[in-house]
Structure formats: C-alpha cells, structure tokens
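Notes follow once the structure below has been shown.
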Amino acid sequence: MRTSEQDVPSRLFSNPLQEHISKYKADNKEATKQLLFAILQWISALALYTLFNLSEDNGNLALRIFAFVCFVVFESLALLQLFIIFHDLGHGSFFQNPQWNKWGEWLLQFVILTPVDWSRKHKLHHGTSGDLTKGPSGWNDTIYLTVDEFHKLPFFLKGCYRIFRDPILF
C-alpha cells in the first residue's frame, strides 16, 4: 500500500538548515528595542560626561581622569554596538522591511561617523574578498601571496609580509 505525502509527517519533508536559520530571522520588535537601547547608551554616556564637566566638583584630577576613562569605555562600547547594528542594517538583515534597514543605516552613519558609501563598498568587499583570480580590485585589497610569489620576494619584504600576516598582530 502506497501512502500519499499527506499521510507522511511534515517533519520528513522539512529542511534542517532552513529550520535552524529561521530562528535567526529578523524580528522588528526586538530589533527596534536593541536599536533604541544602543542609542540610549550612547546618549547617556555623552550626557553624563557633559554633566560631570559642567559641575563645580570636577577639580580633582584623579576624579576627572577616572570619569574620562569611564566615558571612553562606555562610549566605545555603545559605538561598537551601534556599528554592529549599522553593519546588519547595511546587509538588510536587521529589520524585516528593507526600507527600514536603509533608513536606519542612513541615520546611524552620522552617529558612528561612517561615510555614506560604506555599504556599497562593504558589499563590494564581500563580493571580491579572497578571490585571487581577479587580481587587485583597487579597493580594500588584502595582500595575499602564493608560495611562489612569497619565495621571490627580497628578504626584507618577506619579513614585512610575515609581520603583516601574523595572526597575533591582526
């Protein structure tokens, strides 16, 4: 007796990779919450440091240095978080609506001081990175040498290449 597809459980026809990826689908509510929280962190760090500098009790040098270090740490973390969101907006993966991604990217570029055409160049980077068959693209090229090319280099340039490609440094 032959069974139809309707008699077979749907899990037998599902794609495990699609199921796994669907967990990470953009959620507008969560994305908005993350974006607002990151902006709030950024503004809070700026506001607190500004208020501290305007206060009368900021004459103590040690306190001023401590406040500055705290500001730099918190502001850096907030800007890093905003850049990560900006990156996801540029890939169109932060919000479900592509227009929201474009507007969010446009607004955040001013906050994180990133050029207007960064997204276009970043997509070019993803499209050409590591493709040694095309040769240098003239933009954001990473230096890759084959073993033969490396052996043909002068001693000094071999040392420079080893330092540049060392994973401890980069």
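The values are calculated or read from the model by the stated rules, or taken from the named source; none is laboratory data. All of these numbers come straight from a predicted model, not from anything done at the bench. Here the Cβ is made from the backbone with ideal geometry for all residues, glycine too, and neighbour counts use every protein chain on show. When the accessible area is computed, the model is the full protein with side chains, heavy atoms only, and any ligands, DNA or RNA have been set aside. Shrake-Rupley method; radii C 1.70, N 1.55, O 1.52, S 1.80 Å.
Stretching His126 away from Arg162 to a fully extended chain increases their span by 10.5 nm, per 0.36 nm per residue minus the current alpha-carbon distance.
Taking a point 7 Å from the Cα of Leu63 along the Cα-to-Cβ direction, the residues of segment 33-51 with backbone N closer than 18 Å to it are 48-51.
With a Förster radius of 35 Å applied to the C-beta separation of Ala26 and Glu149, the computed FRET efficiency comes to 0.25. What nm distance separates the two modelled labels at Ser44 and His91, each placed 7 Å from Cα along Cα→Cβ? Distance between the two pseudo-spin positions: 2.7 nm. When a 1.4 Å probe is rolled over the protein heavy atoms, the share of accessible surface on segment 26-110 that falls to carbon and sulfur comes to 72 percent. Dipole of segment 22-63 computed with +1 at Lys/Arg Cβ and -1 at Asp/Glu Cβ about the Cα centre; of Asn60, Ser22, Gln41, farthest Cα towards the positive end is Ser22.
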